[in-house]
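Worksheet for the structure shown next.
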Amino acid sequence: MVPDNASIFRNKGINLVTVPMEPDGMDLAKLETTIRKYAPKFIYTMPNYHNPTGIVMSLEKRKKLLELAGRYCIPIIEEDSQRDFRYEGNRLPSLYAQDRYRSVIYIDSFTLTFPYGIKTGYIVGPTDLIETLERLIVVDETFVSSLGQYILNEYIERGYYQTHIGHLVKHYAHKRDLLCQCLDGIADKGITYTKPRGGLLLWCDLEERINERRLYHEAESRGLLIMPGFLFYPKGYEGGGHVRLCFSNISDADIERGVQILSEALEHSVE
């Protein structure tokens, strides 16, 4: 789970229980075991370009997840903030679009896509829940910019937003391809990855000989910031053997230089 999200949940007094990921999404067998053991209040998931793994949940698993949640009467919070960054493959229907149990709360944000940095998001869900959230947000938020929302609304209604998304997809697909190409050149240093179909990050696997924490410090000392895998696990020690690399706010030259630095750091992180 993304560290920022985990902090928000903990600050609200929520106890986190995680479920392993498979190549096509959440491990639903482990999820059902977790449901039976802990009786969770809700299921939080990112079906599209999961952060940090970049995995896209298959259509079959989306349907099974909805059935599972419906059977146990557990609501699902579906975060879909990276859905527009689709570089290849077909767009799959959201959980919310397939929900016949009225159990899905859909969350999206324009923070990553809107060019002027106006932090605006939205929630779609059952009417009674939305009305409750409207009351709660007044207590929890000190200020929500009406001007920013008006600007965004005008941007969408005039058709500028979809045109902008097209430019973003082309731009970031190039960044992804360049980063993958550079990483292919240092595969012998002990790092591999699965090329994501979308999103703004790469989740990389490290060979057992690479010390993940040492790699983080070696990279940082050379001016390269990476996210070690253990940060994405609630207990920290569970997540050895991974690093997350982002390519959203970096030039082509810096991608190439960053991978050179990563290569040097890997050489100094062998146990």
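Across the options Tyr38, Ile137, Thr120, the greatest Cα extent toward the positive end of the charge dipole of the chain (unit charges at beta carbon of Lys, Arg, Asp, Glu) belongs to Tyr38.
For region 170-268, what does the alpha-carbon gyration tensor say about shape, rounded, prolate or oblate, given a ≥ b ≥ c as the root eigenvalues, a/c under 1.5 as rounded, and a/b over b/c as prolate? Prolate, since a/c reaches 1.5 and a/b exceeds b/c. Each Lys and Arg contributes +1 and each Asp and Glu -1, all at the Cβ; summed about the Cα centre of the chain, the dipole is approximately 660 debye.
Pairs exceeding 18 Å between alpha-carbon atoms, taken from Lys12/Lys61; Lys30/Lys63; Lys12/Lys64; Lys12/Lys119; Lys195/Lys235; Lys119/Lys175: Lys12/Lys61; Lys12/Lys64; Lys12/Lys119; Lys195/Lys235; Lys119/Lys175.
Here the dipole of region 119-222 is about 460 debye; that uses its Cα centre as origin and unit charges on the Cβ of Lys and Arg (positive) and Asp and Glu (negative). For the chain, what proportion of DSSP beta bridges, expressed in % and rounded to the nearest 5, is antiparallel? If we restrict to bridges inside the chain, about 70 percent are antiparallel.
Each helix, a run of at least 4 DSSP H residues, gives -39500 (n - 2.57); summed and divided by the residues of the chain, these come to -13500 deg cm²/dmol at 222 nm. Relative to the longest principal axis of the Cα atoms of the chain, the long axis of helix 160-184 makes an angle of roughly 30 degrees. Across the chain, Cα pairs under 8 Å and at least six residues apart give a relative contact order of 17 percent. Karplus-derived 3J(HN,Hα) values for region 13-29, using 6.51 cos²θ - 1.76 cosθ + 1.60 with θ = phi - 60°, are x, 8, 8, 8, 10, 9, 10, x, 9, 10, x, 10, x, 4, 6, 6, 5 Hz; glycine and proline are entered as x. Between the residues Tyr233, Phe247, His167, the greatest Cα displacement towards the positive end of the dipole of region 142-270, with unit charges on the Cβ of Lys, Arg, Asp and Glu, is found for His167. For region 3-158, averaging the sequence separation of C-alpha pairs within contact (under 8 Å, six or more residues apart) and dividing by the residue count gives a relative contact order of 15 percent. Computed about its Cα centre, the charge dipole of region 3-158 is approximately 520 debye, with only Lys, Arg, Asp and Glu carrying charge at their Cβ.
What do you get for the angle between helix 146-157 and the principal long axis of the chain? Use alpha-carbon atoms, 0 to 90 degrees, nearest ten. Result, in degrees: 80. What angle do you read, to the nearest 10 degrees and between 0 and 90, between the alpha-carbon axis of helix 212-221 and the longest principal axis of the chain? On a 0 to 90 degree scale, this one is about 80.
Read-outs throughout are calculated quantities, based only on the coordinates presented, and are distinct from any laboratory measurement. Source: prediction; values computed, not measured. Glycine also receives a Cβ, built like all others from the backbone with ideal geometry; neighbour counts cover every protein chain displayed.
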